[in-house]
């Protein structure tokens, strides 16, 4: 890696992160086969991940840089922790307990489309004509994927839960962008504080409802791996890549998950799909990519504008 340019390293790091985040879908499905509820699973993952990120936060002396935080920043961080980590991540884990990983992946990809609407309303960010075309293509692909819309009751509930999480993720991205745009807090500080708030909520609720689960050693290994590698390490690596990559570049790399997750689900979970579903999924993926092609390639991407992991 030392012989690579900073840009090549950043691209390689970002691609590695998308692979780690994509593998989370498979690892969650495998872990849920043990005697653990989705809420306990997500609480343990982000509780351990927060401990890891907190160590980095303290080691870098970031605690001294939060003194300029305003009351508005505090409210935004609270809402970010509640929405992004508590609601969004819990919804993703519960959704994966009810739906195939491929379906959850497709539903979560609509986050980018919703963010356009929220950005117009709250951030004054106007979409381009190409982005509107991308939205139309995406919605058409989703329609083909789910046609003729006759779903079992469990899948209907799963879709509803994932869509709630998707909306929560989109709203939280607005708070994340506002915090980053203000520039009073570093991305690491925003991540650490908001993740700590979300993890505390998840752990409190899961412990009150279910207590500490009795798990197989392999499941504990999965949880620790996802907390340390797929969450703490991946978030730090992603933020480092954003120092070099533009918003458009990071967004397009992030969209590799659209292809990675179905491939991993097929290889490790045996989740196949029909020709119609494949066509619909491919069309939707092209729509999402088109949405990311903005006219401002110089803008830097931010942590909470990325897909759910």
Item to check | In the stretch 193-211, residue farthest from residue 31 (Cα to Cα) [restricted to those that are without any contact (Cβ under 8 Å) to a residue 60 or more places away in the chain and surrounded by fewer than 12 Cβ atoms within 10 Å (Cβ to Cβ)] | outcome: 208
Checklist entry - When you look at residue 214, is it in contact (Cβ under 8 Å) with a residue 60 or more places away in the chain and surrounded by fewer than 18 Cβ atoms within 10 Å (Cβ to Cβ), yes or no? => result yes
Next on the checklist: Give me the residue from the stretch 232-243 that is part of a helix (DSSP H, G or I) and more than 20 Å from residue 84 (Cα to Cα) and, out of that set, modelled with the highest pLDDT.
Outcome noted: 241
Checklist entry - Based on what the data block shows, is residue 79 free of Cβ contacts under 8 Å to residues at least 60 places away in the same chain, touching a helix residue (DSSP H, G or I) at 6+ places or on another chain (Cβ under 6 Å) and either surrounded by fewer than 23 Cβ atoms within 10 Å (Cβ to Cβ) or under 30 Å from residue 279 (Cβ atoms) (or both)? => result no
Checklist entry - Looking at (1) part of a helix (DSSP H, G or I); (2) in contact with a helix residue (DSSP H, G or I) (Cβ under 6 Å, 6 or more places away or on another chain); (3) more than 22 Å from residue 55 (Cα to Cα), can you tell me which one residue 227 breaks? => result (3)
Checklist entry - Would it be correct to say that residue 174 is in contact with a helix residue (DSSP H, G or I) (Cβ under 6 Å, 6 or more places away or on another chain) and without any contact (Cβ under 8 Å) to a residue 60 or more places away in the chain? => result yes
Next on the checklist: Here is a check on your reading of the model: is residue 173 over 30 Å from residue 60 (Cα atoms) and either part of a helix (DSSP H, G or I) or modelled with pLDDT of 85 or more (or both)?
Outcome noted: no
Checklist entry - Which residue, of 30, 36, is in a loop (DSSP other than H, G, I, E, B) and at pLDDT 90 or above? => result 36
Checklist entry - Tally time: how many residues in the stretch 36-59 are out of contact with any helix residue (DSSP H, G or I) (no Cβ under 7 Å at 6 or more places or on another chain) and either farther than 14 Å from residue 194 by Cα or buried (at least 17 other Cβ atoms within 10 Å of the Cβ) (or both)? => result 3
Item to check | Close pairs (9 angstrom Cβ cut-off, 6 or more residues apart or separate chains): without any contact (Cβ under 8 Å) to a residue 40 or more places away in the chain in the stretch 23-41, assigned to a loop (DSSP other than H, G, I, E, B) anywhere | outcome: none
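Okay, residues lined up against (1) crowded, with 20+ Cβ neighbours inside 10 Å; (2) modelled with pLDDT of 80 or more:
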| site | (1), (2) |
| --- | --- |
| 230 | yes, yes |
| 245 | yes, no |
| 256 | no, yes |
| 261 | yes, yes |
| 268 | no, yes |
| 271 | no, yes |
| 276 | no, yes |
Next on the checklist: Condition (residue is more than 27 Å from residue 49 (Cβ to Cβ) and either surrounded by 20 or more Cβ atoms within 10 Å (Cβ to Cβ) or at pLDDT 90 or above (or both)) applied to the stretch 87-110: is it met by at least one residue?
Outcome noted: no
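The values are calculated or read from the model by the stated rules, or taken from the named source; none is laboratory data. Nothing here was measured: the structure is a model prediction, and the numbers come from that model. Heads up, the Cβs are rebuilt from the backbone with ideal geometry, glycines too, and the neighbour counts pull from every protein chain shown.
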